[in-house]
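Engineer: This structure is in structure tokens; I'll ask about it shortly.
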Amino acid sequence: MHKIDLSKFRYHALIVILLWLLSFIPLYAQSAQSDRVWVFFTQKSAVVPVSFPEETLARRSVRGDMQKSSRFNLPVDQAYIEEVKSTGATLRVVSRWLNAVSIDADQAVLASIGRLPYVNRISHVSAYKMSIPVPTLPPGPMLSKPSTLNYGPSALQVSMLGIDSLHNSGLSGHNIKIGIMDTGFDTSHVAFARMRSENRILTTRNFLDGGNDVMGVPGGQRRHGTEVLSVIGGFDEGNLIGTAFGASFVLAKTESLTAEIQAEEDYWVAASEWMESLGVDIISSSLGYIDWYDTTQLNGHTAIITQAADIANQLGVVVVNCAGNEGGNIHWRKVVPPADGDSVIAVGAVNTDGFVSYFSSQGPTADGRIKPDFCSLGEQDRVAASDNGGYGFDNGTSFAAPLLAGGIALLLEEHPLWRISDILANLKRASSITNHPNNAQGWGIPNFVNAINMEPYSPQRSLLIITPQPARDSVVFNMIFSSASTAILTVYDLSGAKVQEWDETATEPSTVIKVWDGRNRSNDKVASGIYICVFRVGDNNIRQKLAYFSR
């Protein structure tokens, strides 16, 4: 009988166990060595603001909050950035909006940074991992509704929102800039041939790897982003037509994709600041961020990314975000930040019959607000497939959001002076369950034909009447006071600079008339151009555009 040498067996077994244990050390060391955090500063010492192109300033003037925007123009103090870097931290993102930087650093370095006199607080960078839905599904039902365009299998996702009728009337999102952040984008796909030939991919940026390449990424990295871009901007008759196929696009790669989408909020913040600075009208985002947060914090102002989305809104950008695919997640179920923001248009998903998808995230928010705001098709959406240059079908609120964002582009094309509050109010009035919204569907599925034909739901606008329009030499402002009160009337140019201002007082309900001779506060005649007039009375903040011609 053969005798086993147990001493050798024990020796080899010990070696295997030690090697197995050692294999975990690098992983443990790596996780222990580095944390990804935000470092918020107490103040800004810079006095020279960042400069912006005219279209950015024009959008801010029409749809933004002029009084609040100036503080977001100042850069983060460079001395603060350099001292944080000198501690050994690795810099990731600098945020002008948040007056913060995101970094990678170990606990010892973070302790050192926390002692710096100008550091306000440190918090974790949130991340999100979203499962990717099954990409190939049988086509949804085709519609026989006549149209001047051949939508092919994309007919339902467009007509469900009434957008095919707006296309028939000539609207396509022309001159509207849309920012999309996602995984990579296969911009060589035939669905984007028209977009390419008309030079409507304005610029791109890769926030993960640096540079401008959002296309040349390996494997399936560009699949999700390609699909998202296609439902809003694609145009290939008989195969797929996007809801805003005539819009212009700014594309950012902010997420990586393997078996799931991995994204981190600091890149979302950086991409939003970049897009806003370039003058985008709409940001369409198909991600949310839940690490380091819980559902009790979905109050519209806790999550860093929600704060950033709110700032974008204050600067006049319409932020449209997917509600999230957490409806079936018993540990969450709720919408994902930044969809909890009161200024963010959160979009849930419905199936081809108009019923809410099981995976669509729901409300309410922690402070009791209804979310999502609206729904659109999120099952069996026709999409461009980056892997074979063809087409397929996909599921998710990731596609419901850009479909609806495209509709908003058509609203802005037709009504460039509408404020974000006008857009939101009119969409609610034009939606399928406007009188009984709920936390599964919000106000339901919007009908964009009805929304576009409504007057702005802002009765306060009638408090300021400007005549004539356009004006030459002199302008008459009719200020309506519904009660005794004081008011301020301010004229801004498109750069946001204050041109003229008057304080007015009414001792009773009345109309106060002010005639402006076209001179600024230095008594110089202003140039011909577009000006923004803001009338602040009581709780109302009314703005009107003025076309002025100086002789």
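Engineer: Go through the residues of the range 19-39 one by one and say whether even a single one is at pLDDT 75 or above, over 28 Å from Asp281 (Cα atoms), among the aliphatic types (A, V, I, L, M) and surrounded by 14 or more Cβ atoms within 10 Å (Cβ to Cβ).
Structural biologist: Yes, the conditions are met somewhere in the range 19-39.
Engineer: A further question follows. Could you check how many residues of the range 322-346 are touching a Leu at 6+ places or on another chain (Cβ under 8 Å) and either farther than 14 Å from Thr295 by Cβ or outside the structural domain of Ala303 (by TED's automatic domain parsing) (or both)?
Structural biologist: Count: 2.
Engineer: For the range 496-516, give me each residue that is more than 30 Å from Ser51 (Cα to Cα) and either of a type outside the set (Asp, Glu) or in contact with an Asp or Glu (Cβ under 7 Å, 6 or more places away or on another chain) (or both).
Structural biologist: Matches in the range 496-516: Thr505, Ala506, Thr507, Pro509, Ser510, Thr511, Val512, Ile513, Lys514, Val515.
Engineer: Please find, among Gly238, Gly225, Gly211, the residue that is at pLDDT below 95, in a loop (DSSP other than H, G, I, E, B) and either within 13 Å of the chain's Cα centre (by Cα) or not polar (S, T, N, Q) (or both).
Structural biologist: Exactly one residue qualifies, and that residue is Gly211.
Engineer: Also, I was wondering about something else. Could you look through the range 469-516, keep only residues that are hydroxyl-bearing (Ser, Thr, Tyr) and in a strand (DSSP E or B), and pick out the one that is surrounded by the most Cβ atoms within 10 Å (Cβ to Cβ)?
Structural biologist: Tyr492
Engineer: Can you give me the ranges of the helices (runs of 4 or more DSSP H) entirely in the range 67-175 with at least 1 residues that are closer than 30 Å to Pro416 by Cβ and at pLDDT 95 or above?
Structural biologist: 155-159, 163-168
Engineer: Another question, if that's okay. Only one of (1) closer than 30 Å to Asn73 by Cβ; (2) buried (at least 16 other Cβ atoms within 10 Å of the Cβ) is not met by Lys525, so which one is it?
Structural biologist: So the condition that Lys525 fails would be (2).
Engineer: Of all residues in the range 314-327 being touching a residue at least 60 places away in the same chain (Cβ under 8 Å) and in contact with a Lys or Arg (Cβ under 9 Å, 6 or more places away or on another chain), which is surrounded by the most Cβ atoms within 10 Å (Cβ to Cβ)?
Structural biologist: The qualifying residue surrounded by the most Cβ atoms within 10 Å (Cβ to Cβ) is Gly324.
Engineer: Being without any contact (Cβ under 8 Å) to a residue 60 or more places away in the chain and more than 13 Å from Val475 (Cα to Cα) is the filter; apply it to the range 529-540 and report the residue that is surrounded by the most Cβ atoms within 10 Å (Cβ to Cβ).
Structural biologist: My answer is Arg536.
Engineer: Right, another one. Restricting attention to the range 520-551, and to residues there that are under 38 Å from the mean Cα position of the chain (by Cα) and among the basic types (Lys, Arg), which single residue is farthest from Leu464 (Cα to Cα)?
Structural biologist: The selected residue is Arg521.
The values are calculated or read from the model by the stated rules, or taken from the named source; none is laboratory data. Predicted, not measured: the structure shown is a model, and the values here were computed from it. Quick reminder, even Gly has a Cβ in these numbers, built from the backbone with ideal geometry, and neighbours come from all protein chains shown.
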